[in-house]
Structures are given as structure tokens and as C-alpha cells.
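Chemist: Before anything else, here's the structure in question.
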Amino acid sequence: MTARQYDVVVLGAGSGGLAAAFRAAAHGAKVAMLEPSALGGTCVNVGCVPKKAMWLAADLAERIALAAKLGFDVPATPALAWPQLLQRRQQYIDNIHASYRRRLQETGVAHIARRGRLLDARTVECDDGMRLQARHIVIATGSHALKPALPGAGLGGTSDDFFALQAAPSRVAIVGGGYIAVELAGVLHALGSEVALLVRGQRLLGGFDAELAGQLAENLRAQGIGVHFDCRVQALEQREGRIHARLDGGPGDATFDTVLFATGRAPSTGGLGLEQAGVALDDTGAIAVDAFQNTSVPGIFAVGDVTGRAMLTPVAIAAARRLMDRLHGGQADAHLDYDNVPSVVFSHPPLGSVGLGEEAARRRFDMVTTHHSRFRPMLQALGDGQGRTLFKLVCAGEEQKVVGIHLLGEGADEILQGFAVALKAGVTLRQLQDTVAIHPTSAEEVVLMR
Ligand code: FAD
Ligand code: NDP
């Protein structure tokens, strides 16, 4: 069988795959991109985008409550028509799909709506038997949600099932203490569910600064979310149409309408023909890549969640663009620096972080100082709200170079980006303090810390 010839074949049209395809095409390469499912992958369809839509709705619900406290004539419990919210959310996603389709046409990238697998270092076979050959193959097949292996786990859902909900369940358990658990807990609570967050460890958000994670747990509890540490799910059972959870620790055995597992994601490497092509995995099961996204096979590259490194959309995009700049744009050294990647957990309020937490900084540097600002943001104070803000800087060395910026509070999601630039550029505490504040804002606290 003759194979169609390309310069680049991309497996997957999520954040990383689309970025690779568009950037390669912009450099003049002939590109084919395989995607059996919806364009945009996890982020657009069952990740960042629908999540942020739900977070924005939840944020509005909280603001409506504050508005009532300030004297606006709004009902004590304003009703939300979920179908309308879902319809708006879907319309937004449909518009993104349409814009991708337009760009595919404009750039000449061939979109093949098929699953692909490697036959060798140059050949991809589609699930209808069609074969494609290219000098460069990019694997960008993403990741999928994991459920723990426990009896009755099938009764629980994952974040994918959260996006299929047609209304807020009355009583919901969320298992896990990471990004997704915290985000779903906040959204469902604000939209009317009674939420129990079941965390097997003793803190939220391992990897983030512990002090901020502790303050976040306090904030969630103050809102009325049940945050249970040292709590392990032993089994789930169906009882009279509801889900009975046998719990070791936490609230003890309890019954819920919905149980959602947010217990991590695994790289999607199955059925890709990796073994046949000789592509090695690392010991976590992700595709092993070097700093230039090279896999163990020359000519085959991997980007995004499938590499298991910083599972974030902008990371997948940045790695993919730099890879194509290197392979097709004449930029021989282009590669992504994975240090100091900023990220935001869309909790209520959001938690944004860049650089090292205090614990990590103390492991790396001899001299570490920390600087805090705790306050109640103005709207919360005016409306007698529960939200508390904690901003923290972590500095290292004599010159107090800022090595970590950690913001928990309203607006942290929008504030962090600019300060992440400063951190990446090597800002010192003194330089932050030399910057004139913008008043009255929450952001000014970052330059006013002593
Ligand atoms: P994906 O976007 O998952 O795309 C992979 C694509 O490959 C899929 O479309 C899949 O169908 C396709 N595919 C799989 N196998 C094959 C095959 N054999 N052949 C062809 N195609 C194949 N990140 C953020 O930065 N901010 C957020 O707020 C955020 N929120 C999130 C919320 C949730 C609930 C989740 C689950 C994730 C969130 N993320 C967020 C993470 C982000 O979505 C991912 O890091 C990002 O989508 C990874 O992009 P990717 O290209 O590696 O993979
Ligand atoms: P995380 O790795 O963030 O968290 C997983 C959580 O599940 C941890 O608390 C972990 O506990 C717990 N856990 C793991 N296994 C079990 C188990 N068997 N039983 C009970 N608890 C368990 O993964 P998420 O699923 O929350 O998110 C996946 C990735 O997606 C994130 O790491 C992030 O990169 C990305 N993402 C980014 C977002 C953003 O940018 N806003 C939003 C959502 C996702 P322990 O700590 O004890 O291991």
C-alpha cells in the first residue's frame, strides 16, 4: 500500500497537537493531524474551558450573595437554570471548534478524523488502514482520568462526568485533594451542592506552598465545604439509587447522590504502537523525552500531557511551538524551559503560584526569607464575606531574589501573570518594593510586602 507523504504527522488535536500543526504549517511544512474526537482535546472539551465557564458561574453566585449584603434587591437564593448555562457553555465551545476548522483550512493542515498508531519511525497507520509517512512524527495524545482500584469504583465518575451533569447533585463526594478536586468542590458548592472533599493525605494541593494550601482549606471550610483529611474510600455500593461510601476516617460511612474521583491523570500511551516503533516510556509510564522533546527514536517527538511533565495547556502549546520552531523554523536551540511555569488553581478564591514554595526553597537554598500579606479584600469586607487573602513571597540569598510568588485571593488568577514575568526575569524583593503601588487593589500588596 502506498503511504501519503508529509513533512509532519501529528497524533492528537488537543492543545499540544494543534499548536504543533499550526506552527509547522506557518513555517511552510506539509502537515497532517490525526484526531478521532473533538478538536481542542481535553482543554477545550472537558477541561480548562468548560471548567472556567462553571467557575465563572460559581463566582457570579458568590457575588450575587455579596450584592444582596450591599443592599441590592436580589433573592436570597437566586435560581440557576443549568440548561441555559450548559447551552451557553456549549455555544462557546462550538465557536472554538469553528475557529479551529477555519484555521485548518487557511493553513492547509490536513485534518484526518482517525486514531493513529506508529508502524515504525516514519510511518503512522490510521484505524481505517490508511498510511502516512513523515520525516517528523509528533505524539500529542494527552492524558486520561484515573480511578482508584477499589470495589464499586465504577459507581463514581471523573471530571468528564462532572461536565455531563444536568443539575447540581444534592450531596456530592469528591475524592482527591489536587487541582481538579479543589476546583470541582468549589464550583459545586457555590452552585448549590452539599460537598464533601475526601482527601487521603493531610493537606490540599501537594506541590504548592503548604501555608497557602492550609489557608485555602480554611477558606473552603468557612464556605461550608466538608474538607476531610486522612480519609480513604474503601468501597462504593449502590443503595436505593444512591451511592454508599465506606470510608476509613473522615465523616465515616456516608451516602451521596454523586461521587467524583479526581485522583490524577495518566498519559494516554495505549494502542499507539510505541513498543513496535521502539519509543521508550519513563518509570511513570509517560513517554520519555529530553529537553528538546526528542523521544528515544530519532524523528519521533512528544509534547504535552503524554510526556507527564506539568500537565497544563500553555505548557503543551509552548513545548509544541518551540519544537516546530526548531525543526522547521531554523531555530536550532528552541526548547521550553520548564522552570518557573506559573499556574492557577481555580478554587474560590483562586490560588496562583509561580516558582518555589517555602519548603522547596529551603531545600535548595541556604538563606531563605518569606514575606506575607494577610487581608480581607475590600468587597468581602464591605459585604461581610468569609473570603480571606494570603499573599506570600519566598526570597533567596543576600540580595533576596524572589524565587516564589504565591497568591491566594480574589483576582489572583489575573494578577499572577505579570509578576510571573518579573520572577522569570530575576526580580529581587527590593525591586518589587521600588515599584509604586496601584491603590486600592489587592495586587498592590505584592509590592508593599516587607
Ligand atoms: P489533550 O488536550 O488531552 O489532547 C490529546 C488529544 O489526542 C485528544 O483530543 C485525543 O482524542 C487525541 N488522541 C488520543 N489518542 C490518539 C491517537 N491514537 N491518534 C490520534 N489522536 C489521539 N490546564 C490549564 O492550563 N488550565 C486549566 O485551567 C486546566 N483545567 C483543567 C481542567 C480539567 C478538568 C482537566 C481534566 C484538565 C485541565 N487542564 C488545565 C489541563 C489541560 O487540559 C491539559 O494539560 C491539556 O489539554 C493537555 O494538552 P495535550 O495536547 O497534551 O492533550
Ligand atoms: P493532581 O495530581 O493534582 O491530584 C491528584 C489527587 O488525587 C492528589 O490529592 C492525590 O493524593 C489524590 N490521589 C491519587 N490517587 C489516589 C487514590 N488512589 N485515592 C485517593 N486519592 C488519590 O491530579 P488532578 O486529577 O487533580 O489533575 C490532573 C492534572 O491536570 C493536574 O496535575 C494539573 O496538571 C492539570 N490540571 C490543571 C488545572 C489548572 O491549571 N487549573 C486544573 C485541573 C487540572 P496524594 O497527594 O496523596 O498523592
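Chemist: Which residue, of Leu60, Leu70, is in contact (Cβ under 8 Å) with a residue 60 or more places away in the chain and either crowded, with 18+ Cβ neighbours inside 10 Å or not polar (S, T, N, Q) (or both)?
Modeler: Leu70
Chemist: Would you point out the residue of region 219-231, among those that are buried (at least 21 other Cβ atoms within 10 Å of the Cβ) and assigned to a helix (DSSP H, G or I), that is farthest from ligand 2 (Cβ to nearest atom)?
Modeler: Going through the qualifying residues, I end up with Asn219.
Chemist: Something else about it: Please tell me if Ala65 is farther than 30 Å from Pro298 by Cβ, away from ligand 1 (no atom under 15 Å from the Cβ) and at pLDDT below 95.
Modeler: yes
Chemist: Looking only at region 228-284, which residues are on the phi > 0 side of the Ramachandran plot and in contact (Cβ under 8 Å) with a residue 12 or more places away in the chain?
Modeler: If the condition is that a residue be on the phi > 0 side of the Ramachandran plot and in contact (Cβ under 8 Å) with a residue 12 or more places away in the chain, then Asp230, Gly249, Gly250, Gly264, Gly271, Gly273, Gly278 are the ones that fit.
Chemist: Among the residues of region 255-266 satisfying the criterion of being under 14 Å from the mean Cα position of the chain (by Cα) and part of a strand (DSSP E or B), which is surrounded by the most Cβ atoms within 10 Å (Cβ to Cβ)?
Modeler: Arg265
Chemist: Something else: Quick one: in region 133-171, of everything that is of a type in the set (A, V, I, L, M) and within 16 Å of ligand 2 (Cβ to nearest atom), which residue is most open to solvent (accessible area, probe 1.4 Å)?
Modeler: Ala149
Chemist: Looking at (1) surrounded by fewer than 16 Cβ atoms within 10 Å (Cβ to Cβ); (2) more than 16 Å from ligand 2 (Cβ to nearest atom), can you tell me which one Gln234 breaks?
Modeler: Result: Gln234 fails condition (2) only.
Chemist: Which pairs turn up if I take residues in region 376-399 that are within 30 Å of Ala67 (Cα to Cα) and look for partners that are polar (S, T, N, Q) and open to solvent by 30 Å² or more (accessible area, probe 1.4 Å) with beta carbon separation below 8 Å, at least 6 apart in sequence or on another chain?
Modeler: Here the result reads Gln380/Gln386; Gln386/Gln223; Lys392/Thr370, each pair linking region 376-399 to a residue that is polar (S, T, N, Q) and open to solvent by 30 Å² or more (accessible area, probe 1.4 Å).
The values are calculated or read from the model by the stated rules, or taken from the named source; none is laboratory data. Since we're looking at a predicted model, the values are computed, not measured. Note that we place each Cβ from the backbone using ideal geometry, even for glycine, and neighbour counts take in every protein chain shown. Keep in mind that these areas ignore ligands, DNA and RNA; they rest on the heavy atoms of the full protein, side chains included. Shrake-Rupley method; radii C 1.70, N 1.55, O 1.52, S 1.80 Å.
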